[in-house]
1. With only Lys, Arg, Asp and Glu charged, each at its Cβ (+1 for the first two, -1 for the last two), find how big the charge dipole of the range 134-281 is about the Cα centre; round to the nearest 20 debye.
2. Show the residues, 5+ positions off or on another chain, whose built amide H is closer than 5 Å to the amide H of Lys47.
3. Let me know the number of lysine pairs in the range 150-281 closer than 21 Å at the Cα, not counting same-chain pairs under 8 apart.
4. In sequence order, what are the phi-derived ³J(HN,Hα) couplings for the range 152-168 according to the Karplus relation 6.51 cos²θ - 1.76 cosθ + 1.60 with θ = phi - 60°, rounded to whole Hz, with x for glycine and proline?
5. Could you list Ser172, Ser87 in order of exposure, starting from the residue whose Cβ has the fewest other Cβ atoms within 10 Å?
6. Using Cβ counts within 10 Å as a stand-in for footprinting exposure, how do Tyr101, Tyr223, Tyr66 rank, fewest first?
7. For the range 72-79, take each phi angle, set θ = phi - 60°, evaluate the Karplus expression 6.51 cos²θ - 1.76 cosθ + 1.60, and give the result in whole Hz per residue in order, putting x for glycine and proline.
Amino acid sequence: MKPSFLALCLLLTACSSFQQLDHLNNPLDEHNPETKGDPYQLVVENKNNGVQLTWQAVDLPGVAGYAVLRSADGTTFERIGSTDETSFLDTDISDGESYTYRIAVVAIGFAGDLAEAPYLSGGTTALRVIEDLVVDWDGDGKRDTEDEDLDGDGVSNLDEAAQGSDPEDKTSVPSDLDKDGKYDFQDDDRDGDGVSNTDEAAQGSDPEDKTSVPSDLDKDGKYDFQDDDRDGDGVSNTDEAAQGSDPEDKTAVPPDLDKDGKYDFQDDDRDGDGQTNDFEE
């Protein structure tokens, strides 16, 4: 009897020793004296562009990665991401909200897509809560709920939304056709051809095509709508219209009765007889 009892005691002692050794070696075990089942030591920080999570690597062979869990109510958690690193930036956040985070080991030895890998229900990190989250994407010191330019690119959220660019992406800005540093919706001359959008539209040229410009009949570098002498015959459009000649035809000019090179309306002696018009009249 005594030997059998002694053997039983030795067996129980050995089992107990193996169990203690398992606790010591398994960082996810709540009985582990060093980790208490929470080897992650998760830290959450409110950054301008999101919530930054960092944690310690779990010392277990074959760890495929980590699942990041988040709760908006502190009770129901959803998986918001997976990573094989020891950090994660949560950008899907809202200003003024509170979030609770946990980390869990993805199934050891899993070789597929981490996003689809199951995670261990045991050994999840202790909860980490961040309250009244301050979101300031562009780091200008203004909370996003109060910031008229969320991404800090110099264009208001309203203008970006109206122009089709992303008000939360600094690299996404409204178009600037002529690359003059003025966005098209602010630029009086979108194509940079020297003619305003308004004038081009009125003259029938394309305000978004630098090669499309208003007409210049006499090729003097002045567009016709800006040119006092459209046909370049030396007589103003106004005078030609008044004298009955065509201001858009260089060969059509006011009459010059005595052929002295002075148009009659400019000539003090229209008939060239040496007597002024006033004297003759």
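Readers should treat all values here as calculations from the given coordinates under stated rules, not as data from a laboratory. Computed from a prediction, not measured in an experiment: that's the story for all the values here. Cβ: placed from backbone, ideal geometry, glycine included. Neighbour counts: every protein chain shown.
1. Computed charge dipole of the range 134-281: roughly 340 debye.
2. Gln52
3. 10
4. With the stated coefficients, the range 152-168 comes to x, 8, x, 10, 5, 4, 5, 5, 5, 4, 5, 8, x, 9, 8, x, 10 Hz.
5. Ser87, Ser172
6. Ranked by crowding around the Cβ, least crowded first: Tyr223, Tyr101, Tyr66.
7. Result, rounded to whole Hz: 8, 10, x, 10, 8, 9, 10, 7.
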